[in-house]
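The values are calculated or read from the model by the stated rules, or taken from the named source; none is laboratory data. Since the model is a prediction, treat every value here as computed from it, not as a measurement. Note: ideal-geometry Cβ built from the backbone for every residue, glycine included; neighbour counts use all protein chains shown. Areas reflect the complete protein model, heavy atoms only, side chains present, ligands, DNA and RNA absent. Shrake-Rupley method; radii C 1.70, N 1.55, O 1.52, S 1.80 Å.
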Amino acid sequence: MVLINGESRHVIEISDRGFQYGDGLFETIAVFDRKPLFWQQHLDRLLSGCQALGIPAPAPAVLLDEIRQLCHHAAPRAVLKIIITRGSGGRGYRLPDHPVSTRVLALHPYPCHPDSCHLEGIRLRLCKMRLGHNRLLAGLKHLNRLEQILARAEWDDETIQEGLLCDQHGHIVEGTMSNIFLVVDDKLVTPRLDRCGVAGIVRRWIFESGFDVTETRVDMAMVDRASELFVTNSIIGIWPVQRFEARSLVVGALTRRLQTAYTAACIKQIDEVMP
């Protein structure tokens, strides 16, 4: 189920800069009981990303109306993807004089992850791919995802659910599809994202929910010292790490507390009326 600029179709202009250059942004949103969870947080990130890149932002009311159209026919659980591009333009990198953004809303089936990912934890590996620094793009969920694609191509072992990415200086930044958190000396730590990486919605929720979190440069020595590791994103929620490379870990008490609190926050979102 797809809406392109409000119309039910599956074709986009070949001149669209999102296709030509990855000139755009996207959001991936969990839909429960036909409601987009943490919609305001996703909208905030989308609008701030549009502002940072100078892309004309869609009106929030228009997005909400189209989300309601899609979700009305959705399964109780689904994944909503929103893509905003700078729209069509001529050949070359020069920006159009009067860009008209393209918006794509697509509804997808909810992925069938085994319960063990949430309960027992996942296997995590270290990727060879390195993330480049770009402070202007740091934190944004932009359409340029070649680094993550190449990192994910490094393994095809279905027992490994996620890969960990470092930057060019060897500092841990994030997973290929997630943010990473560590518990070191009983303190919750996550990498700074001022040079690269995506500032995730669940990551933001953890910061805003009263948990004491330290943002810092994270190196492998810190990972080796960590008593707990977990990864987060809007679709998986919070997954503990039970094995990182050759090291085994236990699902710790702080990870369980966060999982419980996040589940309660999702239930609250489901019970609330959409704006």
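With a 1.4 Å probe and all protein chains left in place, how much of the accessible area of segment 1-122 comes from carbon and sulfur atoms, in whole percent?
Ligands and nucleic acids excluded, carbon and sulfur give 56 percent.
Compute the longest continuous run of the chain that contains no exposed chymotrypsin sites (Phe, Trp or Tyr not before Pro); treat a site as exposed when its DSSP state is not H, G, I, E or B and it has at most 15 other Cβ atoms within 10 Å.
Excluding the exposed sites themselves, the longest stretch runs over 1-92.
7 Å from Cα along Cα→Cβ at both Phe207 and Ile160: what's the point-to-point distance in nm?
3.0 nm
Compute the FRET efficiency between Ile149 and Gln51 as 1/(1 + (r/R0)^6), taking r as their Cβ-Cβ distance and R0 = 30 Å, and round to the nearest 0.05.
After rounding to 0.05, the efficiency reads 0.70.
If you keep only loop residues by DSSP, which GluC sites (Glu not before Pro) in segment 134-166 have at most 12 other Cβ atoms within 10 Å of their Cβ?
Hits after loop and neighbour filter: Glu158.
Residue separation times 0.36 nm, minus the C-alpha to C-alpha distance between His98 and Asp185: what's the value?
26.0 nm
Leaving ligands, DNA and RNA out of it, report the carbon-plus-sulfur percent of the accessible area of segment 179-229 at a 1.4 Å probe.
43 percent
Taking the Cβ of His133 as the centre, find all other residues whose Cβ is under 15 Å away and add up their charges (Lys, Arg: +1; Asp, Glu: -1).
+1
How high is the FRET efficiency from Arg225 to Glu272, r the C-beta distance, R0 45 Å, rounded to 0.05?
0.70
Between the DSSP loop rule and a limit of at most 16 other Cβ atoms within 10 Å, which GluC sites (Glu not before Pro) in segment 1-61 are left?
Those that pass, being in a loop and sparsely packed, are Glu13.
Let me have the relative contact order for segment 45-109, percent, based on Cα pairs under 8 Å that are six or more residues apart.
37 percent
When the chain is modelled as a GNM with alpha-carbon springs shorter than 10 Å, which of Glu174, Glu66, Glu120 fluctuates the most?
Of Glu174, Glu66, Glu120, the most mobile in the Gaussian network model is Glu120.
Please list, or write none, the lysines whose alpha carbon is within less than 24 Å of the alpha carbon of Lys268, excluding same-chain residues fewer than 8 places away.
Excluding near neighbours in sequence, the set is Lys35, Lys81.
Over the chain, give the accessible area per residue in Å² for a 1.4 Å probe, as an integer.
50 Å²
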